[in-house]
Amino acid sequence: MPRLLALVLVAGLLLPGLAAAQVVRVISGDHPTFTRLVLSFETPPDWRLGRSQDGYALRLAGAAPRYDLSDVFRRITRDRLAAVWADPEDGALRLRVACACHALPFELRPGVLVIDIREGPAPPGSSFETALEDGPLPALGPAPPTRPRPRTSLGPIPFDWTAQLRPAPSESPALPPLPAPAIAGLRDELLFGLSRGVADGMIDPVTRLPTPSSQPSPQRQAQSGNLRLGDVLETRTGLALPQQVAADGQSCPADDRLDLAGWGEEGSAASQLATAFSGLVGEFDRPAPAAVQRAVRLHLHFGFGAEARALLQAFPIEGPDTPFLASLGRLLDGEPDPQGPFRGMEGCDSAAALWALLADPALPPRLARAPAVLRSFSALPAPLRRHLGPGLAERFLAAGDSATATALQDSFLRIPGPADPRATVTEARIAAALGAGPQAAELLQGPAAESGPAHHAALIALVDLHAAEGRPLDPRVEEDIAAYLPQFAGTAEEPALRRAHVLSLALTDRFDAAFSALPAAPDAAPGLWELLSRGPDGAILLHAIGADPRPVPPRTRDRLATRLLDLGFPDQAGLWSMTAGPLTLPPPDPDPLREALRERAWQALPETAPETWRSLAGTLSQRPAMADPPLARSRALAETSEGTRSAIEALLSTVPPP
């Protein structure tokens with residue numbers, strides 16, 4: 001362990017620039033008319049974007065950061081952006097454009113820079129078209145296709161028998177001109193219409209058309225022509241577009257059947273609800289289906305899920321939309337409904353995809369259609385977006401889809417009014433996922449310090465942020481989380497609280513208590529072992545030796561194996577590295593001071609030895625002469641022992657206490 005600390009100190013002294021360089025993560029997304037790059041900085045940068053020979057270049061003031069470009073081409077093609085790289089000479093981020101496009105950068109918020117590669121020419125007077133390099137700049141456009149070089153023949157040319165069948169070059173007829181786009185589109189529509197009529201049985205084609213010069217006979221004129229048209233109303237829909245169906249084969253409900261924003265009326269909420277309760281019962285005290293459905297929809301529009309279900313129980317009605325209305329009442333109150341009517345509709349291209357995702361918390365968000373979810377969520381009333389948005393965005397974030405999570409966040413953060421603490425916690429989680437740790441910590445200061453409905457969620461996010469960065473945690477955070485455990489016992493939020501409690505114990509160097517609480521939160525095991533690999537030596541020796549390394553992630557296993565090897569346990573290091581046999585200890589570096597001290601060769605101490613050791617060696621080398629009288633020899637021994645004691649005390653003062 002001391003050797004590792006020394007190496008870290010030397011690396012910090014020799015490489016100050018590398019230690020201080022920030023990592024800028026670059027993510028991307030494709031849109032119909034542009035390609036977007038999002039760069040997340042730790043602090044707002046001073047940037048400049050301009051033209052280069054093959055595209056654009058982004059230059060920053062100060063030290064060049066390290067760009068994380070591993071996810072750039074995971075979601076986009078190379079139709080607009082052909083390549084992106086960091087120039088090793090000047091540190092600029094260079095963009096090679098593969099279309100007749102232009103770049104339009106803007107700051108989404110402090111620390112987040114967005115660069116759009118948009119199709120078409122740049123706006124007149126755009127400052128981003130200024131050249132950053134000397135020399136003329138060519139116009140941007142698609143790169144010309146590369147042609148393979150012809151290979152030289154190494155033998156006799158073979159006989160081409162197909163050349164005898166081809167006409168001479170002088171006899172080849174000229175190619176006809178291509179039709180205009182409008183004519184080509186009309187031709188395609190006619191062909192599609194004719195083929196559809198043939199498939200529907202309304203058109204009977206003939207095999208041979210009569211020549212213009214031939215005169216049809218009276219008998220032939222009496223027969224049908226080459227086309228026989230029928231009544232349009234009798235056309236079969238054999239090639240009609242299939243109705244959208246869910247995973248289990250049932251039809252996906254249309255958007256108008258789940259239009260919560262359109263179920264409200266003009267006027268205040270109190271007046272609308274008072275009007276909705278009139279006419280619920282018709283003749284013979286039977287529920288009026290239309291009035292009950294209108295009242296239930298109005299309650300759902302305002303987010304009153306329990307009240308809407310109570311109306312359906314008090315005034316039972318039947319209809320195709322009744323199961324959906326009852327399920328919406330549960331979902332608006334945060335109750336899951338995995339076996340409800342929205343089961344299997346996550347693939348629908350309608351609002352049903354949104355409610356199917358909310359109905360089943362165990363459903364992976366990647367199975368739902370993200371465009372349909374975003375479109376349906378943006379169409380909800382503002383209070384419902386504020387209510388459902390944070391939880392939905394965190395589900396996409398936990399699944400690794402930060403782009404959809406950011407889009408959802410932008411939708412509910414634009415709602416006017418005071419900031420919702422739950423939305424602030426979600427914004428902090430997204431910022432942490434994008435690499436903006438300081439911004440996430442700043443956002444969590446308010447919700448984590450104030451009691452409220454989002455206090456426990458802010459504490460969990462704060463623990464996750466500290467665990468990801470390996471930073472110590474305030475012990476009061478662990479005490480607050482422990483106080484919440486009895487309150488949320490048996491709820492859906494209990495597992496997340498118990499996981500955060502285990503990690504908070506480890507972040508306060510209480511690994512014994514953390515491993516004792518681990519059986520109640522098994523999903524905290526990967527994070528706990530990761531924190532242990534960075535923990536003190538005593539905790540590693542106590543919990544890593546003799547433990548089963550198989551459930552631990554590979555990277556954490558390797559780190560623990562290295563720590564055990566440095567501590568002198570090659571057998572345990574071999575077990576943690578999953579290798580056969582113990583790991584070989586590296587030979588120690590030659591140390592003249594250690595060798596001289598081991599041999600007690602006080603005169604052989606190197607010149608680089610500390611002054612405390614040299615002073616002690618000088619006192620130990622002093623020997624009283626045997627020829628001196630006994631009294632003089634005793635006095636010399638006393639003086640020598642006093643000097644030796646002072647040298648030993650000076651040496652011990654340089655050693656830190658255990």
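Only the coordinates and a few stated rules stand behind these numbers; no lab work does. Everything quoted here is computed from the prediction, not taken from an experiment. In this analysis, Cβ positions are derived from the backbone assuming ideal geometry, glycine residues included, and neighbour counts consider all displayed protein chains.
So for each of 61-74, 394-407 I average, over its residues, the number of other beta carbons within 10 Å; can you give me the resulting order with the highest mean first? Don't jump to the answer; show the numbers that get you there.
Numbers: 61-74: 13.4, 394-407: 19.3.
Result, highest mean Cβ count within 10 Å first: 394-407, 61-74.
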Tell me, what is the FRET efficiency for Gln53 and Leu108 to the nearest 0.05, using R0 = 25 angstrom and their Cβ-Cβ distance as r? 0.30
Which order results if Tyr484, Tyr56 are arranged by neighbouring Cβ count within 10 Å, fewest first? Tyr484, Tyr56
Net +/- balance of residues flanking Ser350 in space, Cβ distance below 12 Å, scoring K and R +1, D and E -1: -2
Where labels lie 7 Å past Cα in the beta-carbon direction, separation of Arg534 and Leu485 in nm: 2.3
Sequence order, segment 400-406: Karplus ³J(HN,Hα) from phi using 6.51 cos²θ - 1.76 cosθ + 1.60, θ = phi - 60°, Hz rounded, Gly and Pro as x, gives x, 9, 6, 5, 5, 4, 5
Which order do the peptides 347-353, 26-32 come out in when sorted by mean C-beta neighbours inside 10 angstrom, highest first? 347-353, 26-32
If amide hydrogens are placed 1.01 Å from N in the peptide plane, which non-local residues have theirs closer than 5 Å to the one on Arg25? Ser40, Asp68
Within a Cβ distance under 14 Å of Arg74, other residues only, what is the Lys/Arg minus Asp/Glu net charge? +1
Grab the beta carbon distance between Val23 and Glu493, set R0 = 30 Å, and tell me the FRET efficiency rounded to 0.05. 0.40
In debye to the nearest 20, how big a dipole does segment 40-79 give about its Cα centre with +1 on each Lys and Arg Cβ and -1 on each Asp and Glu Cβ? 100
How big is the dipole moment of segment 21-129 about its Cα centre under a simple scheme where the beta carbon of each Lys and Arg is +1, that of each Asp and Glu is -1, and everything else is neutral? Debye, nearest 20, please. 180
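Once you list every other residue whose beta carbon is under 12 Å from the beta carbon of Ser411, what net charge do they have if Lys and Arg are +1 and Asp and Glu are -1? Numbers along the way, then the final one.
Values: positive: Arg375, Arg385, Arg386, Arg414; negative: Asp410.
Within the 12 Å Cβ shell, the charges total +3.
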Around Gly55, which amide H atoms from residues at least 5 apart in sequence, or from another chain, sit under 5 Å from its own amide H, with H modelled in the peptide plane? Val97
If you bin every alpha carbon distance in segment 286-382 into 5 Å steps from zero, what whole percent lands in each bin? 2, 15, 23, 23, 19, 11, 5, 2, 0
Relative contact order of segment 13-114, pairs being alpha-carbon contacts under 8 Å that are 6 or more residues apart, as %: 30
